[in-house]
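*Asks:* Sharing a structure below in structure tokens format, with a few things to ask.
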Amino acid sequence: MDKFVIRGGRPLRGTVKISGAKNASLALMPATLLASGKYELRNTPDLRDVSTMARLLQTMGVTLERNGDSLLVNTFRVNKFEAPYEHVKKMRASIYVLGPLIARYGRAKVSLPGGCAWGPRPVDLHLEGLRKLGAKIELERGYIIAKARHLKGARISFKISSVGATGNILMAAVLAKGTTRIENAAVEPEITNLAEFLVSMGAKIDGIGTNVLEVEGSDALHLANIDTIPDRIEAGTMLVAAALCGGKIKIEQCNPLHLSAVIARLEDAGAKIKTGETSIEIQAPKEIKPVDVSTAIYPGFPTDMQAQWIALMTVAKGSSTVTDTIYFDRFNHVPELVRLGADIEMNENMAVIRGVKKLKGAKVMSTDLRASAALIVAALRAQGETEVLRVYHLDRGYEAIEKKLQGLGAEIRREKGEEF
Ligand code: EPZ
């Protein structure tokens, strides 16, 4: 298991290019199951999670090959309709194959996702929605067994906003007979990217970008190509790293409109930010001002930036609170940040952070993707050397992050870690 060895205390300077959005790719890839054909998914990031999804699709008969930034996908020979436990336990997003398989092939056997590093993550909204569309869903020995002669349009009103459930139901509805109305749909940019892809495949979807989607089912869709949107969480993570370490960086190939809440909070913390069409420049603040944050669904402050924000607040001039309203227990990074000298107390789903003068390097352990990102940015600020263990978590969602940070002047290297 690799580790990162980081020598902190240096400001970041220079330019970095943002990769395609992991959470868009993980929906776009299974969407190709909806029609036989050869697809080009452009700007697909080269990540562990993308490889996991590719391997899962390969077990179904899909062929995929990377061509530079594009992923070429061929769905002419899909002959298996299962997502086994060994895949789903590695990545919850595997559940995204459920909707397309039922819609196109009328059957699916998909393992229930286990919990994840920070607790249970149910899929009840996915199953309720599919049942409303006429699928017969049974749970058997940890598997979802789904059957549907054909899906029929329905009105589905989600009791809470869910990115995954919106994506799954949308991918099922586009081949259902009749109209489907999805209310309280997620409006994250990754869902908009998926909806645009489905429309380019011939689907009829109204309300894209809003929380009410109207889908007119089609008998069949056809192949299409798509540009994956930039990864707003990678972009946000780089901005926080710059604000924390000092210096001035420019991030390119990003979409500032997807980051308005993060940019606003960084300006509250004293950063100077200039945005272009596809770029953001940030001048770090002399002194980081404490800024309270509460995560929310898009376009609010993303839960996927919560850990990184806590890292920034550890050296703010004063106290702040960070509350996660989406995942109440997504705080495994807190005890590890405390090992670096942070002063943080937990109060249910709220972290109370008292700014300290400095962080000091130590050995810390990654526990999940965004927790690892928080440890990396904190280590870049900490005095002395930090070892961040188990960085395979980071490789799930950040493409070549050590190279990108080295390009900004960070002292970070990857080393073979001890096997646990
Ligand atoms: C997506 O997960 C993202 N993953 C997550 O990013 C992100 O944190 C999350 O959305 C919230 O923005 C991908 O897109 C692959 P949800 P998802 O369904 O779809 C509850 C990262 O770091 N819920 O929007 O699983 C759920 O427990 C990852 O890149 C139900 O109760 O999230 C949560 O409290 C981590 N029942 C809330 O809804 C359901 O059936 C939002 O979850 C589904 C969800």
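*Asks:* Select from segment 49-94 the residues that are of a type in the set (D, E, K, R), surrounded by fewer than 19 Cβ atoms within 10 Å (Cβ to Cβ) and within 15 Å of the ligand (Cβ to nearest atom) and list them in ascending order.
*Replies:* Hits for segment 49-94 are K89, K90, R92.
*Asks:* Just the residues that are assigned to a helix (DSSP H, G or I), closer than 26 Å to D69 by Cα and away from the ligand (no atom under 14 Å from the Cβ), please, taken from segment 377-400.
*Replies:* Within segment 377-400, Y392 is the sole residue that qualifies.
*Asks:* Every residue in segment 37-48 that is open to solvent by 10 Å² or more (accessible area, probe 1.4 Å), within 21 Å of A195 (Cβ to Cβ) and outside any strand (DSSP E or B), please. Spell out the reasoning first.
*Replies:* To start, the set of residues in segment 37-48 that are open to solvent by 10 Å² or more (accessible area, probe 1.4 Å) comprises 38, 40, 42-43, 46, 48.
Filter once more, keeping what is within 21 Å of A195 (Cβ to Cβ): 40, 42-43.
Listed by number, the list holds a single entry, N43.
*Asks:* I've got another one for you. Checking the conditions here, which among E190, E196, E234 is touching a Ser or Thr at 6+ places or on another chain (Cβ under 8 Å) and either surrounded by 19 or more Cβ atoms within 10 Å (Cβ to Cβ) or in contact (Cβ under 8 Å) with a residue 24 or more places away in the chain (or both)?
*Replies:* The match here is E234.
*Asks:* Also, I was wondering about something else. In segment 362-389, how many residues are out of contact with any strand residue (DSSP E or B) (no Cβ under 6 Å at 6 or more places or on another chain) and charged (D, E, K, R)?
*Replies:* 3
*Asks:* Right, something else. Quick one: is E267 in a helix (DSSP H, G or I), out of contact with any helix residue (DSSP H, G or I) (no Cβ under 8 Å at 6 or more places or on another chain) and at pLDDT 95 or above?
*Replies:* yes
*Asks:* Can you tell me how many residues within segment 345-365 are more than 29 Å from G417 (Cβ to Cβ) and in a strand (DSSP E or B)?
*Replies:* Number satisfying all stated conditions: 5.
*Asks:* Being under 22 Å from R48 (Cβ atoms) and either among the β-branched types (V, I, T) or buried (at least 23 other Cβ atoms within 10 Å of the Cβ) (or both) narrows it down to one of V356, V391, V334, so name that one.
*Replies:* Going through V356, V391, V334 in turn, just one is under 22 Å from R48 (Cβ atoms) and either among the β-branched types (V, I, T) or buried (at least 23 other Cβ atoms within 10 Å of the Cβ) (or both): V391.
*Asks:* Under 23 Å from N184 (Cβ atoms) and in a loop (DSSP other than H, G, I, E, B) - does that describe any residue in segment 300-316?
*Replies:* Yes, the conditions are met somewhere in segment 300-316.
*Asks:* For segment 293-323, which positions are within 12 Å of the ligand (Cβ to nearest atom), in contact with an Asp or Glu (Cβ under 8 Å, 6 or more places away or on another chain) and closer than 14 Å to A371 by Cβ?
*Replies:* T303, Q306
*Asks:* Ok, one more. Would you be able to say whether some residue in segment 126-134 is surrounded by fewer than 23 Cβ atoms within 10 Å (Cβ to Cβ), at pLDDT below 95 and within 15 Å of the ligand (Cβ to nearest atom)?
*Replies:* Step one: list which residues in segment 126-134 are surrounded by fewer than 23 Cβ atoms within 10 Å (Cβ to Cβ), which gives 127-128, 131-132, 134.
Narrowing the set further to residues that are at pLDDT below 95 leaves none.
No, there is no match, as no residue in segment 126-134 is surrounded by fewer than 23 Cβ atoms within 10 Å (Cβ to Cβ), at pLDDT below 95 and within 15 Å of the ligand (Cβ to nearest atom).
*Asks:* Within segment 136-157, count every residue that is of a type in the set (A, V, I, L, M, F, W, C), open to solvent by 10 Å² or more (accessible area, probe 1.4 Å) and within 16 Å of the ligand (Cβ to nearest atom).
*Replies:* 2
To keep it simple, each residue is scored yes or no on (1) within 30 Å of V356 (Cα to Cα); (2) modelled with pLDDT under 95; (3) under 23 Å from the mean Cα position of the chain (by Cα).
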{"position": "I145", "(1), (2), (3)": "no, no, no"}
{"position": "G167", "(1), (2), (3)": "no, no, yes"}
{"position": "V174", "(1), (2), (3)": "no, no, no"}
{"position": "E214", "(1), (2), (3)": "no, no, no"}
{"position": "D227", "(1), (2), (3)": "no, no, yes"}
{"position": "G236", "(1), (2), (3)": "yes, no, yes"}
{"position": "L239", "(1), (2), (3)": "yes, no, yes"}
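The values are calculated or read from the model by the stated rules, or taken from the named source; none is laboratory data. Everything numeric in this text was worked out from a predicted model, so none of it was measured. Cβ atoms come from the backbone with ideal geometry, glycine included; neighbour counts cover every protein chain shown. What goes into the accessible areas is simple: the full protein's heavy atoms, side chains included, and nothing from ligands, DNA or RNA. Shrake-Rupley method; radii C 1.70, N 1.55, O 1.52, S 1.80 Å.
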